[in-house]
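First the structure, in the form of structure tokens, and then the observations on it.
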Amino acid sequence: MPAEDTHHSAGPTAPGASGAAGGARRTTRRFPLLTKDTARPEGGGRAAPGGAPAPARQWPMLVMLSTVALGLLLTALDQFRIGTLLIGAALLAGAVMRWILPSVGMLAVRSRFTDIATYGILGLAIVLLALMAQPRPWLVIPFLKDTLHFTLTSK
């Protein structure tokens, strides 16, 4: 095993065995005290075989970015609600792809849990805000107006 992957303990490995007298060394999954290289990012894996062209290897990221670009275009063309719903849906789709697919290429930024939580929370927030946008909101939350009125009024 490479030196970066193992850390040898200084103590004995079994009761009665001495570590310096030729006893077997125990390895752990701890990081070494002095690192000599950077860790391979989780997103460094490919979503397609290595022989495929670069766009095919990164299809999950390209799908998400293309959908966001289409949503931004629709927003710029005065279709605000539809465009922002599409942007939120792209983030939610990114969360689903990160959850289901074993390898998503550059769509993986941090740990799987962190990526799913980030994409999901941001996507849900954008969708809810798009549904509540004025004028003529598609989603009305009855207690929201009273809550805002209660918190913003001075006595």
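The values are calculated or read from the model by the stated rules, or taken from the named source; none is laboratory data. These numbers come from a predicted model, not from an experiment. Counting neighbours? That spans all protein chains shown, and the Cβs are built from the backbone with ideal geometry, glycine included.
Here are a few things to note about the model shown:
- Residues within the range 50-74 that are among the polar types (S, T, N, Q) and farther than 18 Å from Pro102 by Cα, tallied: 2
- Within the range 70-91, residues that are free of Cβ contacts under 8 Å to residues at least 24 places away in the same chain sit with their Cβ atoms under 8 Å from residues that are outside any helix (DSSP H, G or I), at 6+ positions apart or across chains, in these pairs: Gly83/Leu77.
- Among residues that are on the phi > 0 side of the Ramachandran plot, surrounded by fewer than 11 Cβ atoms within 10 Å (Cβ to Cβ) and out of contact with any strand residue (DSSP E or B) (no Cβ under 6 Å at 6 or more places or on another chain), Asp146 is not included.
- Unique residue being under 30 Å from Pro53 (Cβ atoms) and among the acidic types (Asp, Glu) when the list is Asp115, Asp78, Asp146: Asp115
- Given (1) at pLDDT 95 or above; (2) under 20 Å from the mean Cα position of the chain (by Cα); (3) surrounded by 16 or more Cβ atoms within 10 Å (Cβ to Cβ), number of the condition Gly83 does not satisfy: (2)
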